[in-house]
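The values are calculated or read from the model by the stated rules, or taken from the named source; none is laboratory data. The structure presented is a predicted model; accordingly, all values stated were derived computationally and were not measured. When we count neighbours, we look across all protein chains shown, and the Cβ atoms used for this are built from the backbone with ideal geometry, even at glycine.
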């Protein structure tokens, strides 16, 4: 039997971006129950921008992280739950608030070149015995060698799993192979993970390339929920893996049913697709969760979202800089007027 | 007459502050304290004729009386500040805290420096760079009408964030959030910090979002915000409103940029300047008061 690749569902966290963080508790319970039935080992539950993401900048969620976690976790039979924490947004105190709710995995995310802001959070999570993941976002912005250097810091703080995160959905399979391959070589005793976005339509191909280069964990979401054009659609990835003889140890039919019968009706017309805006994100290398904010700025100020996103790409903005969107829109408006 | 000062911490902030104190009419930097004799900050201090020690605050304490040190700036870290402050205050030194330790009351000069002058505290805390840049604006809105929620996003260039800031990033968000409430006047405060590694480094940017309890009075708020911009520019010339105030329902948003004076790090590091300029201004006001009381 080949090694089992662990899939990590993002529908309830990255998927929050797709509907401006407005999942009801029932949406979360229904989705997580469907994932549990399909034997998805890990499910992430938090605001789209992680613990304490609730803000004017990123959007206020319908419920608090604690409420979502308390609704989902007690009903799960098989799946375990992770939380995301972005230092600079969430703190160790936020982690303490949720750790007694039955969370098993803590993922600490930084921009790919700024791993050293994660020391407090990774050290705390590892010290408390969590499955602790270091998550390097916007990984297309550094070389494979530089990514390894940053990942070493996270490993040093205590992370047992290290991620290459394609937050912009900008990578192509050969880049994924090179980056995951070098990570595999540099960290023989750590788990290596890949998180993709479908903005260039490459999420499934990229995730497959990651597995072939030695990745142990792959992020995805049911029906491709997630920022931009969404994450790797899990049911599609599972079917492809089955054809390739890659063992995910999940129930493919149950995943397909979850996507069609549970996930799609919840999302309705907000179901992510490779829209003009999402494609622009992937093309220009821009953080995927900027999409809805840019569309909102277009509506308010009359500047095309594509122009705003391209400008944000030129300025090399990073994850979390949603406040630049209205600023740039107003600047473009003045320059154009 | 000048009041004699010591700087504790020879990193980015301490070194930038040194240059500002050297230009002061009422403050004289006499000592600079570090923990590494080879640090760039201590080297520069020695070249500028300032006495240095690399033995931490204990290396300074024994010279306080003979060198008549009356004000000390602590730019070390939140973790060692309490001990430093205890030792200095015991010697009768007034402490200006540039770490996020926040043992003493928060000081944001254009908002509450006058209060601190009348209260004579031993230790005042300068919040954080993001706090100094944004809390004046939260206050500029809250002095017009009630703010139920104040949120700030501080974006700084990676090059201007030293190891101390990175290691203790939680202290930034916690201390700044607290000061948005206590000094800014918002019922609830939230702070977010982002490091951006772009080259060439980006100028410090800060966004302020206030949610007002009733519909914002656009004219009054705009006038108050513009007056506050001028008040901050009096000690940080590179401080400016880039966009706004933008009104959207009960949301008031102000987009700021802080260009530094290029004393230690280049102009992009406005986050250093706003912190050190606010601290120098605070110390100068204390010094003027000390001088006045003596004459």
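If you check A:257, A:261, which single one turns out to be over 16 Å from residue A:40 (Cα atoms), surrounded by fewer than 18 Cβ atoms within 10 Å (Cβ to Cβ), more than 17 Å from the chain's Cα centre (by Cα) and in the same structural domain as residue A:41 (by TED's automatic domain parsing)? None of the other options fit; the residue is A:261.
A quick yes/no check of all residues on (1) free of Cβ contacts under 8 Å to residues at least 24 places away in the same chain; (2) under 21 Å from the mean Cα position of the chain (by Cα); (3) closer than 25 Å to residue B:107 by Cα:
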position	(1), (2), (3)
B:14	no, yes, yes
B:20	no, yes, yes
B:32	no, yes, yes
B:36	no, no, no
B:50	no, no, no
B:65	no, no, no
B:78	no, yes, yes
B:84	no, yes, yes
B:90	yes, no, yes
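Just to be sure I understand, how many residues within the stretch A:302-326 are in a helix (DSSP H, G or I), facing another protein chain (nearest Cβ under 9 Å) and surrounded by fewer than 23 Cβ atoms within 10 Å (Cβ to Cβ)? Here the count works out to 0. Taking the stretch B:63-164 as the region of interest, the helices (runs of 4 or more DSSP H) fully inside it that hold 1 or more residues being in the same structural domain as residue B:177 (by TED's automatic domain parsing) and within 29 Å of residue B:256 (Cα to Cα) are B:129-142.
Yes/no per residue for (1) in contact with a strand residue (DSSP E or B) (Cβ under 6 Å, 6 or more places away or on another chain); (2) part of a helix (DSSP H, G or I):
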| position | (1), (2) |
| --- | --- |
| A:219 | yes, no |
| A:223 | no, yes |
| A:226 | no, no |
| A:229 | no, no |
| A:241 | no, yes |
| A:249 | yes, no |
| A:254 | no, yes |
| A:264 | no, yes |
| A:281 | no, yes |
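Scanning the stretch A:93-109 for residues that are crowded, with 16+ Cβ neighbours inside 10 Å and within 14 Å of chain B (Cβ to nearest Cβ) yields A:94, A:95, A:97, A:108, A:109. Across the stretch B:179-195, the qualifying residues are those that are in contact with a helix residue (DSSP H, G or I) (Cβ under 6 Å, 6 or more places away or on another chain) and at the interface with another protein chain (Cβ under 8 Å from one of its Cβ atoms), and the one among them that is surrounded by the fewest Cβ atoms within 10 Å (Cβ to Cβ) is B:190.
Each row is one residue, and each column tells you yes or no for (1) more than 21 Å from the chain's Cα centre (by Cα); (2) within 13 Å of chain A (Cβ to nearest Cβ).
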position: B:197; (1), (2): yes, yes
position: B:211; (1), (2): yes, yes
position: B:223; (1), (2): yes, no
position: B:228; (1), (2): no, no
position: B:246; (1), (2): yes, yes
position: B:249; (1), (2): yes, yes
position: B:253; (1), (2): yes, yes
position: B:258; (1), (2): no, no
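Residue B:147 meets each of the listed conditions (1) over 18 Å from the mean Cα position of the chain (by Cα); (2) within 11 Å of another protein chain (Cβ to nearest Cβ); (3) buried (at least 24 other Cβ atoms within 10 Å of the Cβ) apart from (2).
Condition check ((1) under 30 Å from residue A:199 (Cα atoms); (2) touching a strand residue (DSSP E or B) at 6+ places or on another chain (Cβ under 7 Å)) across all residues:
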position: A:70; (1), (2): no, no
position: A:85; (1), (2): yes, yes
position: A:105; (1), (2): yes, yes
position: A:116; (1), (2): yes, no
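The condition (being at the interface with chain A (Cβ under 9 Å from one of its Cβ atoms), surrounded by 18 or more Cβ atoms within 10 Å (Cβ to Cβ) and under 18 Å from residue B:276 (Cβ atoms)) is satisfied by just one residue among B:165, B:176, B:128: B:165.
Return yes or no: is residue B:171 farther than 23 Å from residue A:326 by Cβ, free of Cβ contacts under 8 Å to residues at least 40 places away in the same chain and not assigned by TED's automatic domain parsing to the domain that holds residue B:76?
Values: farther than 23 Å from residue A:326 by Cβ: yes; free of Cβ contacts under 8 Å to residues at least 40 places away in the same chain: no; not assigned by TED's automatic domain parsing to the domain that holds residue B:76: yes.
No.
Candidates B:238, B:249: the one that is without any contact (Cβ under 8 Å) to a residue 40 or more places away in the chain and closer than 30 Å to residue A:94 by Cβ is B:249.
Look through A:31, A:84, A:42, A:25 and report the one residue that is surrounded by fewer than 18 Cβ atoms within 10 Å (Cβ to Cβ), at pLDDT 95 or above and more than 14 Å from every other protein chain (Cβ to nearest Cβ). Talk me through it step by step, then tell me what you get.
Working: A:31 fails: surrounded by fewer than 18 Cβ atoms within 10 Å (Cβ to Cβ); A:84 fails: surrounded by fewer than 18 Cβ atoms within 10 Å (Cβ to Cβ); A:42 fails: surrounded by fewer than 18 Cβ atoms within 10 Å (Cβ to Cβ).
Of the residues listed, the single one that is surrounded by fewer than 18 Cβ atoms within 10 Å (Cβ to Cβ), at pLDDT 95 or above and more than 14 Å from every other protein chain (Cβ to nearest Cβ) is A:25.
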